[in-house]
Each structure stands twice: as C-alpha cells, then as structure tokens.
Amino acid sequence: MKNLILVHLESVSELILNTNLKLFPNISKIIQESSYYKNYYSSATSTLMVISDLCYGGMYREKCTRLESNFNKIGNYSTLFDELEVRGYCTKGIIWPRIVTYGKMVNGHIFGKNMKVDAMESYAKFIENIENSIKTEEPFALFIANFASHISYRGAEEVKNRNSYERWKEGYQKIDDTCGRIFELLNKTGKEKDTVVVLYGDHGDDYWGHRLHNGYTHAIEPYSSIIHTPLIIWDMEGEKKTEYKLTSCLDVKTKIMDLLFDKENENSRQYIFSRNIFANQKNDVMSLSKGYAVANEEYILLVSIRGLELYNMDMDPANTCNLLEFFSMDPEGKITYCSNYTDIRSMHFRDFFTDKEIRHLKQVYRQLRKNLLYETQKIYEEAEKSVKERDRELNFKRINRSHYFNMYNKAFIDKIEKWFDNITFMR
C-alpha cells in the first residue's frame with residue numbers, strides 16, 4: 001500500500017502563489033514534478049469548512065448554526081482518514097502552531113472520528129514529529145499543516161519580522177520550507193517511491209478590496225481570487241502534467257483513494273460550487289454576509305443579500321469588474337444591456353462590448369444563474385430551510401452595484417462637460 005501525506009497550504013491562493021513565486025521555491029519545484037490542477041477550486045472560504053469538505057468529500061455540516069460549533073453533527077458520513085484507518089493505515093494530523101481553532105478541529109471530528117492531531121509548540125518539534133511519523137514501518141496517512149501564513153498569526157518566538165507585511169512573507173516562506181522538508185525526509189527514509197503527496201490551498205485572502213467585512217480577509221463571499229487555489233499531486237511513479245479540467249475540493253477524497261488503490265474515476269464537472277458560511281448560519285451583513293458562487297472554466301457568478309455579481313476570471317482574476325453592472329435586470333432576473341454605454345467614447349470599450357459579446361454574456365449568465373439557483377436550493381434543503389428563506393437571505397433579482405460603472409450617466413456627463421467648456425472659454 002502507498003502512504004499518503006496531505007499538506008494544507010494555509011491562505012495560499014493561485015493568485016498569491018503565482019504573483020509571489022520567489023516565496024515558494026520548493027513548491028515551484030514540486031509543481032514541475034507533479035500533476036498540477038490549474039482549475040481547482042475550494043468549496044468554501046473558511047479553513048475548517050474546507051478541511052471538513054475535503055476529508056468527507058461533501059458539504060455535510062449545513063445544519064450548523066455557527067462556524068465554531070456543532071461540528072460533530074455529521075451523521076454517518078466517514079472521512080478519508082476514517083476509511084484509510086479501516087484499511088490498516090496509521091493516521092495522524094500534525095500542525096504548527098497550535099492555533100485557536102485547534103479544539104474545534106479535534107472535538108468536531110474534522111479529520112475523522114478517531115484521528116489524533118498533534119499541535120506542536122515549536123517549528124523544530126513540528127518537523128521532528130513529521131520525521132518520526134514517516135519513519136514508521138506501518139503504512140501511514142498524515143495531515144500536515146503549517147498555519148504560520150494565517151493573517152492573524154503573531155508567534156513572537158518564531159516569526160519576528162518588523163511589520164505585518166514582513167510577517168506575511170515569512171509565513172509563506174515557512175510553509176514552503178515545510179514542503180521542502182517533507183520531501184527531504186521522504187528521500188532520507190527511502191519512502192518517496194511508496195508515498196503520494198497531495199498539496200492543496202484552502203483559500204486566499206482579500207485585503208478589503210470587496211468591502212471591509214468588519215476586518216475579515218477570508219470567510220467572506222467566495223470570489224474566485226479567494227477560492228481558486230492550488231492542487232498539486234505528487235507521485236514518483238505517476239503522471240506529470242498540467243490539468244485544466246474543473247476540479248473541486250469535494251473531488252479530492254475520491255482522487256486520493258483512486259491513487260492509493262489503483263482505481264480511476266473520470267472527472268467531468270461542468271461547474272464548481274462554493275460558499276462562505278453554513279446555510280443555517282445567521283447572516284451578518286456587516287461582517288460575514290452569506291454568499292454562494294458557481295463557476296465554469298472562465299466565469300464566476302456570485303449571489304448575496306446585495307445581489308448578483310458576474311466576473312470573467314481569466315481577464316479579471318481579482319474580481320474587480322462586475323460585468324452585470326453594464327446591464328439592467330427585470331423582476332424575473334433577465335438582463336438587458338444598458339443603452340447609455342453605447343455613448344462611451346473610447347474604442348477600448350466599444351470594440352469589446354459588441355453585440356456578440358453582449359449575447360455571449362447573457363448566455364453565460366443564464367446558465368450560471370440556473371446552476372446557482374439549483375445548488376443553493378439543494379443546500380438550503382439539506383439545512384432544512386425553505387426556498388423562501390433562501391430568497392430572503394440571497395437576492396437573485398438585483399445586481400450588486402457596488403462599483404462605479406452605474407455612475408455613468410450620459411445626461412449628467414454632458415452637463416458637466418458643458419459647464420467645464422464654459423469655464424475654459426471664460427478664461
């Protein structure tokens with residue numbers, strides 16, 4: 001049997017990874033020797049939600065009323081580590097530092113019903129525990145997480161840089177160092193041929209670019225800049241490739257079981273689905289406003305109490321331009337291109353927003369809206385909530401006009417320009 005090491009990359013998104021490669025030399029090298037899933041998305045913007053979804057292979061905690069409670073109400077579902085333990089694996093979680101959510105991980109059965117999780121006092125002890133766990137003669141399945149990159153981490157003894165930005169960088173460097181050490185230890189113990197290593201990002205961070213959210217940087221609405229994260233699967237004897245098929249956090253459990261036990265399931269996702277808090281949690285409009293998203297390979301559609309947002313993820317990876325702001329919406333949720341934008345002077349805009357592009361965006365919107373309505377209805381029903389309750393918490397009949405495009409008004413602009421011309425003439 002092959003061993004497993006599942007490596008949690010805290011707060012690492014595709015955007016963070018690919019714009020800061022200098023911080024990740026070891027991960028960059030691992031990618032070259034692995035299968036790298038470029039269209040992989042997390043199922044949530046919260047660490048514990050992602051870990052649970054990944055380990056269980058599903059969104060099974062939607063009845064929870066708070067993020068930090070009721071985690072053990074999981075029913076009869078089993079985790080990846082539960083199933084590997086039954087097959088004779090020695091399972092263990094090893095984390096550093098001991099973060100405030102450690103108790104929730106253990107008491108909530110995040111990894112499984114019986115899995116032991118060691119929270120280490122120092123980075124040196126963390127690496128030592130990993131080495132001792134790899135040395136075992138039994139087949140092993142390890143969950144390894146270095147949480148030093150969490151924006152709130154302030155470990156005075158381990159991360160001493162002078163300001164928050166420097167600590168931010170050092171946190172990522174610590175994660176990268178951990179990944180490099182894991183492969184050194186596999187080589188040292190001769191276990192590299194018999195071990196599959198899976199590295200995944202849980203979420204990125206949004207530094208208040210989409211509202212302040214009372215200061216939160218994740219656990220906010222699932223913008224693609226947050227949920228588009230790395231998935232890297234290393235197997236010395238396996239295929240090395242870049243995979244562009246849509247892949248969800250919910251697919252990882254099956255992928256791992258297939259790799260360990262020589263099975264193969266074809267992935268044929270048309271879209272992914274993600275959220276920020278449980279369906280049964282209370283909306284907090286100022287902090288964690290409930291948000292859901294579906295995405296295909298190019299576009300993402302989000303809904304919250306503020307309305308709908310549509311982004312092209314390839315052209316706009318930070319999700320800054322809500323394409324729906326160029327449209328109006330009728331009471332049935334159908335969209336119509338706003339005619340006043342035809343007066344915009346620049347060829348940059350006019351030559352892009354052609355009739356073909358407008359038809360294309362309408363088609364994308366219709367399909368993603370259909371998928372989003374279906375997935376949100378399903379998840380609310382699993383939380384024993386009605387569609388009416390969903391529609392009170394999520395506004396599918398309004399465009400979230402939180403940017404500046406709705407300010408474009410031809411009559412207003414003509415008036416301003418006339419005033420400006422008069423002032424210039426008088427001078």
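Read the figures in this text as sums done on the coordinates, not as results from a lab. Quick caveat, the model's predicted, so the values are computed rather than measured. Quick reminder, even Gly has a Cβ in these numbers, built from the backbone with ideal geometry, and neighbours come from all protein chains shown.
Miscellaneous remarks
- Rounded tilt (10° steps) of 410-426 against the dominant C-alpha axis of the chain: 70
- For region 197-345, a crude dipole built from +1 on the beta carbon of Lys and Arg and -1 on the beta carbon of Asp and Glu, taken about the Cα centre, is about 440 debye to the nearest 20.
- Net charge of neighbours whose Cβ lies under 10 Å from the Cβ of Phe273, counting Lys and Arg as +1 and Asp and Glu as -1: +2
- Alpha-carbon centroid distance for the pair region 227-301 / region 112-141, whole angstrom: 26
- Summing charges over all other residues whose Cβ lies under 15 Å from the Cβ of Asp258, with Lys and Arg as +1 and Asp and Glu as -1, gives -3.
- Of Thr217, Leu246, Ser78, farthest towards positive along the dipole that unit charges on Lys, Arg, Asp, Glu beta carbons give region 3-271: Thr217
- Cα gyration tensor, region 22-86 - rounded (a/c under 1.5), prolate or oblate: prolate
- Residue (of Thr320, Val100, Val159) at the positive-pole extreme of the chain, dipole from beta-carbon charges: Thr320
- Approximating the spin labels as points 7 Å out from Cα along Cα→Cβ, the Trp419-to-Arg350 distance works out to 2.6 nm.
- Against the main long axis of the alpha-carbon atoms of the chain, helix 47-56 sits at an angle near 60°.
- MRE, 222 nm, helices only [DSSP H, n ≥ 4, -39500 (n - 2.57), over the chain, to nearest 500]: -10500 deg cm²/dmol
- Extension reserve of the Glu297-Glu237 stretch, reckoned as 0.36 nm per residue once the Cα distance is removed: 18.7 nm
- Cα gyration tensor, region 79-164 - rounded (a/c under 1.5), prolate or oblate: oblate
- The candidate values were [x] 242; [y] 221; [z] 166; the one computed from these coordinates for volume of the Cα convex hull per residue in Å³ carries the label [z].
- Dipole magnitude of the chain about its Cα centre (Cβ charges: Lys, Arg +1; Asp, Glu -1), debye to nearest 20: 1140
- Between Ile379, Phe353, Asn400, the Cα set farthest toward the positive side of the dipole of region 313-406 (charges on each charged residue's Cβ, about the Cα centre) is that of Phe353.
- For the chain, the longest principal axis of the C-alpha atoms and the axis of helix 164-189 are separated by about 40°.
- Ranking of Cys338, Cys179 by neighbouring Cβ atoms within 10 Å, starting from the fewest: Cys338, Cys179.
- If only the Cβ of Lys and Arg carry +1 and only the Cβ of Asp and Glu carry -1, the dipole of region 108-227 around its Cα centre is close to 160 debye.
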